[in-house]
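Have a look at the structure below before the remarks.
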Amino acid sequence: MRLDYLTIFPDFFAPLELSLPGKAAASGLLDLGVHDLRRWAHDRHRTVDDTPYGGGAGMVMKPEPWGEAFAEVLSAGSDTGERSTIVFTTPSGERFDQRLAEELSTREHLVFACGRYEGIDQRVIDHAREIAEVREISLGDYVLNGGEVAALAVTEAVVRLLPGFMGNAASLVEESHAEGGLLEYPVYTKPRSWEGRDVPDVLLSGDHGAIARWRHAEAVRRTAERRPDLLTPSVLDDGTPIVRAV
Ligand code: ADE
């Protein structure tokens with residue numbers, strides 16, 4: 001997979017070198033490119049923003065640098081013959097979740113377009129749709145100062161799903177928001193007793209069936225308590241009601 005980042009703050013992406021994506025890049029699984037959008041601004045001040053038509057507070061990112069940046073970065077990524085996916089990180093996008101991370105992990109080339117200020121001129125997004133697949137993605141219902149942190153979060157969620165990337169594939173299956181959609185059950189390690197608190201007996205019982213049932217019940221309890229929106233009632237063929245995650 002190839003990942004490109006278009007930003008006016010390339011330093012935000014230094015952590016890519018340290019973390020999971022850095023390791024994947026070192027192992028040849030990932031190609032990473034971080035690009036300063038101002039490279040495609042040609043006036044003396046390398047201007048990337050201007051006042052909004054129609055008035056209003058704040059500044060809007062100008063279209064021209066984005067257009068040139070896409071032309072250059074898309075051609076660099078097209079050697080696989082696949083179409084690229086341009087990801088605009090924006091609070092007005094679709095909400096990011098594990099399902100979307102899984103979808104993006106199937107793509108050959110992601111280009112993250114990180115907006116700042118009041119946003120990017122709408123024509124940039126309309127133009128991008130004509131030259132690539134476009135996703136507008138929000139990390140959640142809150143406003144960050146720009147899309148860089150969101151692009152990093154999306155990157156980490158996507159990259160760890162790439163085949164051959166995680167050391168332990170089983171941990172991908174069991175964790176929160178994986179298939180089954182329940183939050184993860186609580187976990188414990190040694191010592192058996194700490195600060196007057198004991199590890200639940202069932203985990204020491206060696207009874208794998210009982211442990212699996214306890215973990216499932218805890219996952220359901222936690223999900224019902226913290227994220228009831230993830231649960232939908234469902235019924236087995238024999239009429240037994242079960243709780244199912246959406
Ligand atoms: N940029 C600013 N706020 C954002 C958010 N919540 N998600 C993604 N990108 C953003």
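The values are calculated or read from the model by the stated rules, or taken from the named source; none is laboratory data. This structure is a prediction, so every number in the text was calculated from the model and none was measured. Virtual Cβ from ideal backbone geometry, glycine too; neighbours counted across all protein chains shown.
Miscellaneous remarks
- Residues of the stretch 122-154 that are out of contact with any Pro (no Cβ under 7 Å at 6 or more places or on another chain), within 15 Å of the ligand (Cβ to nearest atom) and not aliphatic (A, V, I, L, M): Arg135, Glu136, Gly140, Asp141, Tyr142, Asn145, Gly146, Gly147, Glu148.
- Cβ pairs under 7 Å, 6+ apart, first in the stretch 202-221 and not assigned by TED's automatic domain parsing to the domain that holds Tyr185, second modelled with pLDDT of 95 or more: none
- Strands (runs of 3 or more DSSP E) within the stretch 1-99 that include 2 or more residues without any contact (Cβ under 8 Å) to a residue 60 or more places away in the chain and aliphatic (A, V, I, L, M): 31-36
- Residue within the stretch 45-53 that is more than 16 Å from the chain's Cα centre (by Cα) and surrounded by 18 or more Cβ atoms within 10 Å (Cβ to Cβ) present: yes
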